[in-house]
Amino acid sequence: MLARLRQRTPVAWVPALGGWLVTSYAAAVAVMRDSRVFTVEDPRFSTARVVGPSMLSLDGGAHARHRAPFFSAFHRGGAAARLGEYAEREAARLVAAIRPDGAAELRDTVTGPLAVSVVAKALGLEHLAPEKILSAYARIAGGVTGLSGDQSAANGAPGPDAMAAFAALAAELAAAIENGNGAGRPGAGRTRSAPDSRTVLADAAQSGDLTTGEAISDAAVVMFGGIDTTDGMMANAVLHLLSDLGQLELVRVDPRLVLAAIEESLRLEPAAALLDRYATRDGAIGGAEIKAGDRVSISLAAANRDPAVFRDPDRFDIFRSNAGRHLAFAHGPHFCIGATLARAETHAALDALLALPRLCLDPARPAAPRGLIFRRPPALHVTWDP
């Protein structure tokens with residue numbers, strides 16, 4: 001359906017979405033690049049109504065002020081550099097735990113727990129049980145999803161359950177910031193750690209550019225991206241490799257090809273497949289006449305399969321020379337700050353899983369990516385020789 005839309009009307013009005021749907025690569029880049037004309041800063045942007053204004057829901061100078069401390073912490077801070085090594089150890093531990101079983105559902109046993117663990121490490125929430133983090137995330141995400149379902153309800157209030165979950169999470173994040181190193185609540189037998197044990201959140205919060213409340217809102221959206229989309233990214237990469245035995249064998253022979261496999265998987269099936277923007281003024285794009293206030297949704301899934309950019313776009317090809325041009329991490333001012341870490345997590349997961357002898361998809365339980373906004377297999381069953 002997306003391919004037909006892209007061919008006939010690359011920017012099409014879709015009544016079910018209550019707005020325009022962008023399916024071509026060129027139009028997608030143009031929309032994401034120009035935050036003055038296509039903004040996230042709109043009352044209908046539901047995430048802000050639950051967690052408050054953040055780098056995800058602001059543009060211009062306010063967006064830059066929120067984003068800069070976290071970008072610096074993720075790309076130049078020692079805490080972020082250590083997260084890749086932590087992901088490797090955690091992936092190895094998770095896979096070792098299931099190895100004797102000879103079969104597993106990977107989203108529940110590896111990709112999901114790994115994503116949660118790395119986010120907890122980055123935000124200083126390791127003292128919380130993963131189940132508690134996932135419960136809070138699910139309740140907050142449910143509130144966001146409920147608001148985004150009705151774009152006309154720009155002033156609608158989030159449900160009390162979502163707000164209670166965010167309040168509890170905010171208290172934990174505030175304690176991590178107050179403690180200065182993310183090790184947990186002061187007074188719980190913990191002391192301030194040496195600089196080499198600091199967290200990404202602590203580094204970002206202590207930049208001096210953000211209030212505690214602002215840092216908490218930004219940390220919440222880091223958690224959103226770090227859990228759901230990274231879990232999906234890992235699951236999609238495993239699914240793509242195990243579905244193509246020829247390319248799987250090439251990766252087994254030359255593990256350096258794992259990086260190429262990850263990029264091609266991101267292109268073929270971005271875990272976050274749909275982004276929203278709102279037009280600030282009348283204008284034309286992709287042959288469509290956009291009016292001020294219109295919702296403009298970008299299908300990254302469609303843009304990443306645009307044959308004008310990617311030859312034979314529906315094929316998984318680890319030797320695709322321009323796979324890196326994919327838009328899986330968005331484009332422009334809102335390019336994902338955690339892209340490097342997400343790639344490192346996926347690399348760690350694949351390395352650990354491909355060490356399992358004769359790893360393969362369970363033929364009795366087929367898997368395929370599903371979803372309009374988030375694209376990943378609902379479950380991913382595999383077997384191996386224990």
- prompt: What ranking do 121, 132, 291 get, fewest neighbouring Cβ atoms within 10 angstrom at the top?
  reply: 291, 132, 121
message: Taking the beta-carbon count within 10 Å as an exposure proxy, list 234, 32, 223, 1 from fewest neighbours to most.
response: 1, 32, 223, 234
task: Would you mind checking which residues have amide H under 5 Å from residue 274's amide H? H placed 1.01 Å from N; only 5 or more apart, or other chain.
output: 300
statement: In nm, the gap between the two label points placed 7 Å beyond Cα toward Cβ at residue 291 and residue 101 is 5.4
query: So which residue, out of 83, 134, 274, gets the largest mean-square fluctuation from a GNM of the chain using Cα contacts under 10 Å as springs?
result: 134
query: Using only helices, what value at 222 nm comes out for the chain when you add -39,500 (n - 2.57) per DSSP H run of length 4 or more and divide by the total residues, to the nearest 500 deg cm²/dmol?
result: -15000 deg cm²/dmol
- line: Magnitude of the Cβ-charge dipole (Lys and Arg +1, Asp and Glu -1) of the stretch 2-383 about the Cα centre, nearest 20 debye, reported as 320
- line: For the stretch 308-385 the chymotrypsin sites (Phe, Trp or Tyr not before Pro) that pass both the DSSP coil test and the at-most-15 other-Cβ-within-10 Å test are 319, 335
- request: Taking all pairs of distinct Cα atoms, average 1/r, flip it, and tell me the Kirkwood hydrodynamic radius of the stretch 93-145 in Å to one decimal place.
  value: 12.3
query: Taking R0 as 41 Å, what's the FRET efficiency between residue 335 and residue 364 from their Cβ-Cβ distance, rounded to 0.05?
result: 0.55
Karplus (6.51, -1.76, 1.60) ³J(HN,Hα), θ = phi - 60°, over the stretch 71-76, in Hz, Gly and Pro reported as x: 4, 4, 5, 7, 10, 10
statement: For residue 81 and residue 209, extending 7 Å from Cα along the Cα-Cβ vector and measuring point to point gives, in nm, a value of 2.0
task: With an 8 Å cut-off on Cα pairs and a minimum separation of 6 or more residues, tell me the relative contact order of the stretch 2-383 in percent.
output: 25
field: J(HN,Hα) series, the stretch 298-308, from Karplus relation 6.51 cos²θ - 1.76 cosθ + 1.60, nearest Hz, glycine and proline x
entry: 9, 8, 5, 4, 6, 4, 6, 10, 6, x, 5
- line: Within the stretch 358-386, the residues whose backbone N lies under 13 Å from a label point placed 7 Å from the Cα of residue 16 along the Cα-to-Cβ direction are 371-373
task: Work out from phi, with θ = phi - 60° and the Karplus expression 6.51 cos²θ - 1.76 cosθ + 1.60, the ³J(HN,Hα) of each residue of the stretch 342-357, listed in order in whole Hz, and give x for Gly and Pro.
output: 4, 5, 5, 5, 5, 4, 5, 5, 5, 4, 5, 6, 6, 7, 6, x
message: I'd like the distance between the alpha-carbon centres of the stretch 1-80 and the stretch 337-367, rounded to an integer number of Å.
response: 28
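May I ask you to sort 248, 123 by Cβ crowding, counting other Cβ atoms within 10 Å and putting the fewest first?
Going from least to most buried by this count: 248, 123.
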field: Residues whose placed amide H lies under 5 Å from that of residue 19, excluding near-sequence neighbours
entry: 14
- prompt: When you count, for each residue, the other Cβ atoms within 10 Å and take the mean per peptide, how do 104-112, 5-13 rank with the highest first?
  reply: 104-112, 5-13
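Read-outs: derived from the displayed coordinates by stated rules, not from any lab. In this text the structure is predicted, and so the values were computed from the model without any measurement. Note: ideal-geometry Cβ built from the backbone for every residue, glycine included; neighbour counts use all protein chains shown.
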